[in-house]
Structure formats: structure tokens, C-alpha cells
Amino acid sequence: MSIQTRDFKMIAKKFKFCSCFSGCVVAVKYLSSGAKDCPIPKSVPGELMCCAVSPSSGGIFHDCAVHDIDECLWIMKELPTQVHTMAHCFTPTIAELDDVDTVSITMKFSSGAIASLDLSRLSTYGYDQRTEVYGSKGMLMNHNTSPTGLRHSNSNGETAQPMYYSFPQRYAASYRGELVHFLNLIQGLEEPRIVKKDTLLSSHIAEACEESHRTGQAVSLSYDHLMTSPSAHEKGAVTEAGSVAMEQDTKAAATA
């Protein structure tokens, strides 16, 4: 489960607590997710390049987009049937790695819903990550946050503290939550919140997004090769993202 997904889940739980989340969106029609990294990755002479853009990172689709895909699957509760990607590289050091730094992904689902994911490594103003979910009965939005909610207003307008600088600050609470979950796992106090198939699905879709970028064509998705029997720890496991429901969606897609 990605840190970004956990961040949205923390907000979703608040909506569930006030009995709004389950009723305000219902059938999702459109999802929009934006992720713009900060700081801009740089390669400094005599130093290692930021691991996010190193040759071993897997590129932006497997290092960055996969988290947005993971979040999208948890919200949509279904698997995309087709993806289309457009991308470009504005950073010479990243282009030298045969990678890109700006990406737009469109995903189509069997229900008719559409998801739009945009990513960039070039944010100069902070760690900009937002999600918007529009459905038949309303909309949910996850805005950027800052260290405080303090704002100053005068005759010249309004100013506020900048958003969090990067992911260690933005997702500090989520990192702590993952560490607590891990400690509970090794003590046998909790069941895993994700299973192998959750990870394989996100990675499979990320590969299709990269293929679409390189070919310039939309890519239709098949999940036949992922239809394997679950390992022992997967049997009966249900994640917060709905692993059991997701497995049923995979079977439906395979037989469609």
C-alpha cells in the first residue's frame, strides 16, 4: 500500500465516521489525481543522483506512477480495461536515463468510469499531491496541507504558509502508521493489509502505462496471467482496499 493511498484513507475514515463518505460519492464517475514531486531531482558532480531517477529506480512509471495507480485501484474498486499515456522529459539528466519527468495517464474502467493521473518531478513550490473523486451523489477532494492552517489577510490579499516541502514531511503520520502496522504484523497482532496480488496488479498496470508512452498507442489490459491461486497468507485476507473484491474484479475482467 502506497503512502499516498494511506493519506487518502486517513481522510476517508473521517468521512466514514460522520456517515458521509459512503453516501456522498456512491458510483464513481471520474477520478483525478495529481502528484508533483519536490525537490527537483538533480545530479551533482561527485555525488549520487537522487535514487528516484537513478538507473535502478525503474523509471517514473514504476517509481512514481505506481503509487497513484495503487490509490486509484483502492478508490475505484475495479480494474482498468484500457490505459493511454502521454509524456515528455524537460530534464536532460533524466532524459539521459531514457526516462521522462512529466506524465499524463488516462484509464478507462468497465463501469464507464474514467481516471486521470498527472505526474511531474518538477514542482518548485512544494510537494503538490491532490485527489478528486466525482460520483453520482457528490465529490470528495483531498487538498494539499501545510504545517499550520495559519493565514494572513490584509488589503493586499491573503498569504499562507507554504505546503509541505517533500514526502517525509507530508506523509509523516502515514509512515508512522505503516511502522506500527509492521510491528504488529511481526508480533502476530494484525493481518497484512495488502497481499501479493495487490502489488502485482499495480505493477502490471504501470507497465501498460509505460508501454503506451513508448508506442504512442492506447493499451488494453488483460489479467489472465495474474489468475493464480493465492498463497497461504492470502487466503481469506481482506485488505482495506478490498483485496477480495479486487480478486473478483480480476476474474470478471479475465472472462469478459
Taking all pairs of different Cα atoms in region 46-205, averaging 1/r and flipping that mean, what Kirkwood radius in angstroms comes out? 18.6
Which peptide among 144-154, 171-181 comes first, and what is the full order, when sorted by highest mean count of other Cβ atoms within 10 Å? 171-181, 144-154
What's the whole-number percent of alpha carbon pairs in region 77-166 lying beyond 23 angstrom? 49
Given the pairs Lys36/Lys77; Lys77/Lys197; Lys29/Lys137; Lys29/Lys196; Lys36/Lys137; Lys77/Lys196, which are separated by over 20 angstrom at their Cα positions? Lys36/Lys77; Lys29/Lys196; Lys36/Lys137
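Readers should treat all values here as calculations from the given coordinates under stated rules, not as data from a laboratory. Please read these numbers as outputs of a predicted model, since none were measured by experiment. Every residue, glycine among them, receives a Cβ derived from its backbone with ideal geometry; neighbour counts consider all protein chains shown.
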